[in-house]
Amino acid sequence: MNTEEIKDMTFEAAMARLEEIVRALESGNAPLDVSLGLFEEGVALVKLCNQRLDTAEQKVKLLVGSPDGGMAETDMK
């Protein structure tokens, strides 16, 4: 899978592909060059997942009580 295909993946698709890669690497049946390629793809997928999680975290708002007894939104820290 090339870099552009990875960039276009959803978080869920990237995680599913990572699980496939882990199973393939754990089986130990792939030749060294194939295993290295899978490992490199996995590293790129982990980076993508971390970026997606960071973006989601920035969007999350926490509700906190305001001084007037109502609710206010604040960015998650």
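Cβ-Cβ contacts under 9 Å between residues 6 or more apart (or on different chains), taken from a first residue in segment 13-26 that is of a type outside the set (Phe, Trp, Tyr) to a second residue that is open to solvent by 40 Å² or more (accessible area, probe 1.4 Å) and assigned to a helix (DSSP H, G or I), are listed as Ala14/Val46; Ala14/Arg52; Leu18/Val46; Ile21/Phe39; Ala24/Val34; Leu25/Phe39.
Among the residues of segment 38-46, are any in contact with a Ser or Thr (Cβ under 9 Å, 6 or more places away or on another chain), surrounded by 12 or more Cβ atoms within 10 Å (Cβ to Cβ), in a helix (DSSP H, G or I) and at pLDDT 95 or above? Yes.
Here Leu25 passes the criteria (1) at pLDDT below 85; (2) touching a Phe, Trp or Tyr at 6+ places or on another chain (Cβ under 8 Å) except the one numbered (1).
Among the conditions (1) in contact with a helix residue (DSSP H, G or I) (Cβ under 7 Å, 6 or more places away or on another chain); (2) not in a helix (DSSP H, G or I), Ser35 misses just one, which is (2).
The values are calculated or read from the model by the stated rules, or taken from the named source; none is laboratory data. Keep in mind it's a predicted model, so treat the numbers as computed, not measured. Please note: Cβ atoms are built from the backbone with ideal geometry, for glycine as well, and neighbour counts cover all protein chains shown. Accessible surface is based on the protein model in full, side chains and every heavy atom, while ligands, DNA and RNA are left aside. Shrake-Rupley method; radii C 1.70, N 1.55, O 1.52, S 1.80 Å.
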